[in-house]
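Below: one structure, written as structure tokens.
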Amino acid sequence: SGVFGAATLTKISDADFPTNQATYVHIVGPMQQMNQITYALASDGRIYNSTTDTIGTWSALGFLEAEAYPDKGVALARYKHHIMAFNQTSIEFFNDVGNDPTTGSPLERTEQAFIKFGALYAYSVINIDDVMYWIASSVNGTVGLWKLEGYAPVDISTPALRISLGGNTISKNCLALAQIILNGVSHLTISGATGHVSCIDTWYNS
């Protein structure tokens, strides 16, 4: 991973950054920033954090585990005052409780906020105007496009999308959500790759 500052791209060289550790740690999805600290999710479910106000310095003790269920990490997202960990079969919420980021994680799990299905892919999660959308994944076959209202997930799938997600005609590992603006109105699109990128759903007016 690297940091883009001004006109240069600088590699994060700190030995405690996950991908630089002696035992390589695979990072999934984009990093997120909250209260001057940067967070990265590993495929094993650990949430790593930088030290305060610098993305280039990381601590060997700066992590905690999103381990309410034994599933793999998919993506991190920032939602209001939470860091959300989207895993394969679960979603967990974390708050910044002010712990020292050099001796542990500043985050603490919000136990009462939990969703028992996860996200399909890192780019199947998007925050638009502080509203979370994601394409669901679970061991119980939960599919569809979901929206978070407060802490409650709401299925907003169209019938055509639900059929597409339940079939085998698309590569589910490549499904991505994106926001576009048409005539000043925000829309959510879903695209999938089957050798090419194509829109598989009708517009959703967010």
Exercise for review: Using a 1.4 Å probe over the heavy atoms of the protein chains, calculate the carbon and sulfur portion of the accessible area of the range 39-163 as a whole percent.
Suggested key: 52 percent
Check your understanding: Where does the charge balance sit around Arg46 when Lys and Arg score +1, Asp and Glu -1, over other residues with C-beta under 10 Å from its C-beta?
Key -> -3
Review point. What does the accessible area per residue of the range 7-71 come to in Å², with a 1.4 Å probe and no ligands, DNA or RNA counted?
Key: 51 Å²
Study note, to complete from the structure: Sorted on mean Cβ neighbours within 10 Å (highest first), peptides 43-49, 78-84 come out as 43-49, 78-84
Point to revise | Å² of accessible area per residue within the range 77-124, as computed with a 1.4 Å probe and no ligands counted | key: 40 Å²
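The values are calculated or read from the model by the stated rules, or taken from the named source; none is laboratory data. Small disclaimer: the values here were computed from a predicted structure and weren't measured. Methodologically, a virtual Cβ is constructed for each residue, glycine included, from the backbone with ideal geometry; neighbour enumeration extends over all protein chains shown. We work out accessible area using only protein heavy atoms, side chains counted, and drop any ligands, DNA or RNA first. Shrake-Rupley method; radii C 1.70, N 1.55, O 1.52, S 1.80 Å.
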